[in-house]
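For reference, the structure is listed below as structure tokens.
The values are calculated or read from the model by the stated rules, or taken from the named source; none is laboratory data. On a predicted model such as this, the values are computed, not experimentally measured, just so you know. Heads up, the Cβs are rebuilt from the backbone with ideal geometry, glycines too, and the neighbour counts pull from every protein chain shown. These area figures cover heavy atoms from the full protein model, side chains too; ligands, DNA and RNA do not enter into them. Shrake-Rupley method; radii C 1.70, N 1.55, O 1.52, S 1.80 Å.
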Amino acid sequence: VGGKGAMALLRCGTVLALLHLQPASSQFGGGPGGFGGGPGGAWNPPAPVCPPFKCKSGEVAVGRPDHKIWSYGCKEAGMNVFNMADLDPSNPMAGLNKKKNDLDKCCVEKDICKQTCGKTSKECHDLFQKCSKKNCKNDQNCQLQAMMADIMSDPMEDDAKKFDLEGAKCKAYNRGQKESCMCVPKDDFKSATEEKLKAFYREFNPEKLGPDGEIKDVGDVWKKWEGKEADMFMALATKYKAKAVEIREKPKPPPYKPPKDVEDAGSSMEDASADTEDAPEASAADTGDEDEASFERLRSALLAKKKAAIDDEDYDRASVLKNDLKSLTETELERLKKRKTEAIAAEDYVAAKKVKDRIARLSEL
């Protein structure tokens with residue numbers, strides 16, 4: 001990645017700062033070739049501890065009858081990684097375009113949870129982790145997509161200086177609770193809950209209402225769900241999510257405009273990297289390897305964050321970032337070794353040579 005191109009990736013670094021909340025071993029390399037600290041190397045960060053929605057004394061929170069749940073989903077969650085099971089000797093590149101796992105369901109259900117009044121941030125976090133692990137199993141590509149989906153679930157801040165690391169962990173949850181909750185007197189909780197349920201049934205399952213518009217068998221509903229009202233609304237929204245959840249397009253941030261000192265540093269980096277760019281080594285442009293380009297973007301962002309930490313004399317953070325870089329590189333080396341094996345199996349020796357050269361270069365980092 002060239003100098004100015006690398007500098008433009010500083011915006012990505014603000015998002016990657018979320019990774020620094022865990023030891024490096026739990027971020028990318030918890031298991032052999034894995035991306036986290038949980039079983040099978042899955043992405044397994046700690047749950048954020050976000051404050052619940054609060055009402056003043058004498059009032060309680062209840063779901064707003066008119067709130068419409070929405071989600072960005074995560075159909076485009078991350079990079080694709082070669083998998084030996086997908087290798088077709090007659091078309092070695094086909095495996096890159098094969099998407100066996102769809103994490104969109106997990107992302108949508110996490111957003112349903114965050115916008116269900118009364119659910120905790122830990123419940124929503126654990127729901128996504130359970131769903132993604134069940135969906136991914138030992139698929140490294142899927143695990144990486146889950147990690148990227150979790151980190152980048154919300155659009156990035158336009159201004160990196162305004163990035164609030166602690167606030168970012170709870171941003172979507174706090175917003176969801178604020179949009180979906182309202183406060184009512186404690187004595188009105190039951191009637192307000194029924195109004196919320198009636199509003200839901202009117203829109204998505206009118207058969208649950210009688211001719212008078214009231215809930216059928218309302219006594220049975222309370223018998224089953226009293227004290228678990230948030231779970232009830234979560235279950236309903238999940239069951240009817242095809243109709244009950246509005247899927248929105250995630251806003252794209254404006255192009256990054258680096259400050260002058262960063263532009264100057266970028267020019268120097270561009271000059272220093274000229275020889276490397278001209279060298280006959282495998283690059284993303286040469287090989288059509290989108291995964292390599294994604295690796296370079298992540299690596300450049302981590303390098304930028306490490307430099308910033310050193311400049312700020314935050315050596316603890318710099319040490320974590322150093323380990324992150326090491327783990328990321330080790331994971332990329334494992335991927336490249338698999339790709340070389342696949343190229344040899346397909347008798348594509350030119351591609352195997354390029355991958356071998358890249359492995360040698362990365363091994364020296």
- Taking region 106-152, which residues are part of a loop (DSSP other than H, G, I, E, B) and either under 17 Å from ASP231 (Cα atoms) or not charged (D, E, K, R) (or both)? GLN115, THR116, CYS117, GLY118, LYS119, THR120, ASN138, MET152
- Long-range neighbours under 7 Å by Cβ, at least six apart or interchain, first residue loosely packed, with under 14 Cβ neighbours inside 10 Å within region 208-236, second among the basic types (Lys, Arg): GLY210/LYS216; GLY213/LYS198; LYS216/LYS208
- When you scan region 262-341 for helices (runs of 4 or more DSSP H) that lie fully inside it, which ones turn up with 2 or more residues that are open to solvent by 20 Å² or more (accessible area, probe 1.4 Å), closer than 23 Å to ALA352 by Cα and at pLDDT below 75? 274-278, 284-287
